[in-house]
1. Starting from the stretch 3-108, pick out the GluC sites (Glu not before Pro) whose DSSP state is loop and whose Cβ has at most 15 other Cβ atoms within 10 Å.
2. Select from Tyr171, Tyr33, Tyr58 the residue whose mean-square fluctuation is largest in a Gaussian network model of the chain (Cα-Cα springs shorter than 10 Å).
3. How would the chain be classified by its alpha-carbon gyration tensor: rounded, prolate or oblate, with rounded meaning a/c under 1.5 and the a/b versus b/c comparison settling the rest?
4. From Cα coordinates alone, what are the radius of gyration and Dmax values for the stretch 4-114 in angstrom?
5. Rounded to the nearest 10 Å², what accessible area does Met1 have for a 1.4 Å probe in the complete protein model?
6. Under a point spin-label approximation (7 Å from Cα along Cα-to-Cβ), what is the Arg146-Thr15 distance to one decimal in nm?
7. For the chain, give the percent of accessible area contributed by carbon and sulfur heavy atoms, probe 1.4 Å, rounded to a whole number.
8. Would you work out which of Pro126, Tyr100, Val21 lies farthest towards the positive end of the dipole of the stretch 1-131, given +1 charges on the beta-carbon of Lys and Arg and -1 on that of Asp and Glu, about the Cα centre?
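The values are calculated or read from the model by the stated rules, or taken from the named source; none is laboratory data. Model, not experiment: these values are computed from the prediction. We place every Cβ from the backbone using ideal geometry, glycine too, and count neighbours over all the protein chains shown. Protein only, heavy atoms only, side chains kept; ligands, DNA and RNA dropped before computing areas. Shrake-Rupley method; radii C 1.70, N 1.55, O 1.52, S 1.80 Å.
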Amino acid sequence: MIISFEGIDGSGKSTQANRLVERLSGQGKEILYVREPGGTAVSERIRDLLLDPSLTIYPFAEMLLFSAARAQLVHEKIKPFHARGGIVICDRFFDSTVAYQGGGRSVADAKWLEDFQRTITAGVWPDRTYLVDLPVSTAAQRLTARFSEHETADRMELAGPEFFERVRTTYLQLAAKDPTRYFVVDGSKSEDALENQIWNDFSTFL
Ligand code: Z5A
């Protein structure tokens, strides 16, 4: 089984992905947690390129780099683990490319990008996708707090609020188009409330 978490940066999806991993691990389940872009030596190198704020990357090249990192991760880690019957939790998967590079950067339409992603993932597809939805302004406030504490903005985070509005809109369109796979949660709820809502859905889904 493959479960993915999606949302704009600062939405709280990594917090929820980690909480689901903890709950499942606590039950003795075999879990592979992966974060995109990254998760293999090659994909982590590509991640460094993609997030480096000193680089200017042409949008189509950006889409290919995210896809290359994913192809490596799928073939090296996700496919073998999935084939053994383990549960894979993905902190972002191909929907991020459709939302960010498709909706945000307009590199190609959603249909073209989805077909391309099916090719590069060899058909490996999430069974359930949790979209943590949050207004762009709220997500930005959370990130500002984080930046002032210990981090600086990466290359993707330097895009303006209009970009993130387009990304959010594309995510909501994807979810509306595929309600069987997508489960949308309101990211402005507390971390505990979201964890319980996702856990209840996941238990039913199982
Ligand atoms: N990207 C792309 O363009 N195309 C692709 O195909 C892929 C990715 C795969 C990866 O960045 C960037 O690449 C990302 C998308 C793009 N860029 N942007 N912009 P990353 O891996 O470094 O980070 P991320 O995945 O975007 O997000 P993140 O840093 O992991 O944050 P998050 O998952 O959205 O949220 P969080 O870390 O769980 O929480 C953020 C803060 O909010 C934190 O301080 C929490 O304590 C707080 N938080 C969390 N939940 C709550 C609730 N419920 N209430 C209040 N506060 C909360």
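1. Passing both the DSSP loop test and the Cβ count: Glu30.
2. Tyr58
3. Cα axes put the chain in the rounded bin.
4. 14.7, 45
5. Rounded to the nearest 10, the figure is 60 Å².
6. About 1.0 nm, to one decimal.
7. About 54 percent, which is the carbon plus sulfur part of the accessible surface.
8. Final value for the positive-end residue is Val21.
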